[in-house]
Structures are given as structure tokens and as C-alpha cells.
Amino acid sequence: MRPIACLLATFPTTTETFIVGEIQELRRRGVPIALFALAGAGGTVPQPEAMALARETTYAAPLASGRLLAANARWLARRPGRYLGALGLLFRRTWRNPVHLLKTLYLFPKAVELGDRMSGQGIEHVHAHWSTYPTTVALVLSHVTGLRYSFTAHAGDVTLFRTLLGEKIRRARFVVTCTDDLRADLARLAPAGGGGKVHLNYHGVTLERFPRRARPEPAVPTILACGALYKRKGFAEIVEACAILRDRGRDFRCVIVGDGPNRRHLERLIARTRLGERVTLVGAAPQSEVARRYAEADVFALPCSERPVSVWDPEADLMKSLEAWFEPAGGVIKDGIPNVLVEAMATGLPVVSTPISGIPELIRDGVNGLLVPPQDPVRLAGALERLLLDPSLRRKLGDQAAEDVRERFDRRKNVVELVEIFGRYLDGAAARPQAAGVVG
């Protein structure tokens, strides 16, 4: 069985635990995965599984390295038409977005060098995570070396950057995405008749890591929120809702787990609303600690919103902001189905979120959670208050949430579906699961 190359952007990172879990489960089912990445994280990631995978990952060579120069010279001499044709394709498809074009040209020789390494390892198929630059690299190395590729699109990568996306879909063997909302969006972007190769596969969670918990009646209930601290995640609205709850005389505490560019703003907001004794920012945490936080909490909140990226965006570097500004369509970043919502629901936590993107595919309002309009701290406070005051409602929603996650978001079941997708397009040779690993 030939290995499949899994191509990542920056690896490892604290926000891509779902990719780590997917790789581990694919390997458990007998699918050989070779890891490649465009860049390293440049620091320690508090996920031991991710750090272990990083040690076996092949990273793209620096531009000035002899290996990169030799690989490009070799493929230019061997397939000059394919090499120059790939360059021409990039110019034709990206010139309207000069920032995207410059980044793509920077990655072009790295793509050829990675393709050279993959070919040398007997790899025939590349699967890229994220529809942006990892898939651009996959497209280039496929065009030059003849390797096949597919990719998984996750959320903001589709809605933020559309340049070259239609071409990537057209040339890919297949496309996977994590919400039906995104599947429909990508199918519309596919060339005529190509929408059928876009497949839905929910990420899911490893249920053993997030067991269902019985929650005794707390003396002081805890509201929990987790995630990277970006504005679109709604952490500021959570703090504002906490101020409303305090002013209504409700007793609670709130714990926010995560780190990111919006932390300073949240610290100032907590100080300004005099919530320092009730709202705590604990920073980034390993998955084991996050699981413990779920077990200790009584309510989970993540009121996400869609957010346009501006040129001077404090949450994005200048190049990314300029690139989004040049996009003829897109320029909006949003989540698909945040994995922390799935994890919290798996433990039986009642959740409050918003009806955007793929979240309604997970949360049914009033059945297994509550949905409120985005960027509305008053409505958010009302939903949280309902849960704080009604233990029976918390149990009802939490019990149904745990059942629904086990039915539709069990990573082991969902990876079986992913393996079947690989097998359908790769003639089964590279991705047929071992019989002992398949669950019924």
C-alpha cells in the first residue's frame, strides 16, 4: 500500500487538533500517511500528540537551499513544458490579486521540491488541508510531477480567499469539506458537472477524550468558553453578557480558555466592566486540560459571527489583509462547525451559539442547545440566564447534545467515511482500511 502525503500549512498549531486526530485515526485504520508541511510553528505547542507528529514531518526547503535549486533544475530539464506551464497557469489565474500572485510565486519552487521528495518516496497522491496555499502547492506539484491531489476545505479558507479556488477544484481528484454549508458553496464554484466530487465529512471528535459527565447542582455555576481569541468567536460578547448577568443579580463565574490577538482587548473589557472577580482568562491549554474544564463547567458559550477582513486588520498580518482586499469575491472569515462546540456537547454540556455557517447542522435550537443572533450580548445574556436558572433545561439539552454527537460526530465513524471517499477515487489501493480497523 503506497503512502498518501498529507500536506499542511504551518504545523503544528494549537488550533488544528482536529487534523491531528484525523491523521491518528486514519493510521489506526491502516492508511499510511506521510506528513509534509510548508512551515513549522516556531515554538512549543501544548499538544503532545502534535509535537510527536511534528518530529516526523518533512518541511519545505528554504529558497536558497541547494536541494531546492537542484530539484527545480531537474524538473525543468525533465518536463520543461509542464514546469513552465504551471508558472503560466499561476500568472493567468492570480494576476488580479498581486499579493496572492507574489505569495504563489514564492511557494512555486518549494512546491516543486516537495513534489520531488514525494515522488522519491513512492507517493502517488497528495491530500492538502486548507484550500489556500497548501492546495496551491498541491496543484503546482501535481502539474509538474504528475502526482494526483485532493484537498479538504475547512471554512474561512473558502470564504476569505477565492482566487484560484475554481481551478483547484477542477484539477483535484476530489474535495472534502466539514459542513454541508461549505459543500454547497464549493459545489457552486466547481466547473459544470464537477460538484459531485465535493464531499461532506464532519470532523468529529475522539469520544473517549470527552466522556459524558454527570453534573451535580453547583453552588456557583460556571460558564465556559474555549477557542482562539479572535473577534469572530464572540468572546467580547460573552464578557458583555456577563456584565448584564451580574447587573441582574445572577451568581456565576466565567472561564475563557485560549489565546490570540484579541486578548488585550478582552483584558481591558473585563477591567472596564469590573468583572475581574467573575471572568478569568486562563490562556491556551492542552487538550487534557480543556477536557477537564468541560467536566467542571455547567454551560458552554461560543457566539460566533462572520467578519470581513479589512486592510488594517489587527487580527491579521498586513499581507493577508491586503490579499483579502484584492479578492473579487470573499474577504469574509467565518468558522465552519467549531470543534470546541462538538467537544463540549460530547460531555453533555448545554451550549449557546449562533445560527451561522455550519453551526445549525450541529445545534438544533431548543433541542440540543440554544441559538442566539450574532453580536447580540443582550440575547446571549438571556439564553445564558435561562440555563443558569433552570437545571432541568441544562440536563435536557446536554443529554440530547451528547446523544447527537455520538450519532453524527464520532471521529472513528466519520474517518471510515473519509477512507471510503479516498478508496473511491484512488481505486482502493492507497486507502482501503484494514478489516480489523473497521467499525460497524
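Pairing the Cα long axis of helix 391-408 with the longest principal axis of the chain, what angle in degrees results, from 0 to 90 and rounded to the nearest 10?
For 391-408 against the chain, the angle is about 20 degrees.
For residue 334, go through the lysines and keep the ones whose alpha-carbon is under 23 Å away, minus same-chain ones fewer than eight residues off.
Leaving aside lysines fewer than 8 places away in the same chain, those within reach of residue 334 are 103, 168, 231, 233, 320.
Please list, in order along segment 339-350, the HN-Hα scalar couplings obtained from phi with the Karplus expression 6.51 cos²θ - 1.76 cosθ + 1.60 (θ = phi - 60°), rounded to whole Hz, x for Gly and Pro.
5, 5, 5, 5, 4, 4, 5, 4, 7, x, 6, x
Given Cβ point charges of +1 (Lys, Arg) and -1 (Asp, Glu) and nothing else, what value in debye, to the nearest 20, does the dipole of the chain about its Cα centre take?
So the dipole magnitude of the chain works out to roughly 1060 debye.
Where does each of 336-343, 280-287 land if you order them by average Cβ count within 10 Å, highest first?
Per-residue Cβ counts within 10 Å, averaged per peptide and sorted highest first, yield 336-343, 280-287.
Charges on Cβ only, +1 for Lys and Arg, -1 for Asp and Glu, centred on the Cα centroid of the chain; of 60, 284, 371, which one is farthest towards the dipole's positive end?
The Cα lying farthest towards the positive end belongs to 60.
Report, in degrees rounded to the nearest 10, the 0 to 90 angle that the Cα long axis of helix 263-272 makes with the longest principal axis of the chain.
20
How many nm separate the modelled label positions at residue 96 and residue 41, each set 7 Å beyond the Cα in the direction of the Cβ?
In this crude spin-label approximation the distance works out to 3.7 nm.
Which one of 226, 249, 239 is farthest out on the positive end of the charge dipole of segment 211-252, using unit charges on Cβ (Lys, Arg +1; Asp, Glu -1) and the Cα centre as origin?
Farthest along the dipole direction, towards plus: 226.
Which whole-Hz couplings ³J(HN,Hα) result when phi for each residue of segment 218-230 is put into the Karplus expression 6.51 cos²θ - 1.76 cosθ + 1.60, θ = phi - 60°, listed in order with x for Gly and Pro?
With the stated coefficients, segment 218-230 comes to x, 5, 10, x, 10, 9, 10, 9, 9, x, 5, 7, 10 Hz.
If I fit a long axis through the Cα atoms of helix 17-28 and take the longest principal axis of the Cα atoms of the chain, what angle between them do I get, 0 to 90°, rounded to 10?
Value to nearest ten degrees: 60.
So if I take the centroid of the Cα atoms in segment 349-369 and the same for segment 393-422, what is the distance between those two points in Å?
Cα centroid of segment 349-369 versus Cα centroid of segment 393-422: 14 Å apart.
What Kirkwood hydrodynamic radius do you get for the chain when you take the inverse of the mean 1/r over all pairs of distinct Cα atoms, in Å?
Numbers: mean 1/r = 0.0438 Å⁻¹.
Radius from the Kirkwood sum: 22.8 Å.
Pick from 109, 32, 216 the residue whose mean-square fluctuation is largest in a GNM of the chain, springs joining Cα atoms under 10 Å.
216
Read-outs throughout are calculated quantities, based only on the coordinates presented, and are distinct from any laboratory measurement. Since the model is a prediction, treat every value here as computed from it, not as a measurement. Virtual Cβ from ideal backbone geometry, glycine too; neighbours counted across all protein chains shown.
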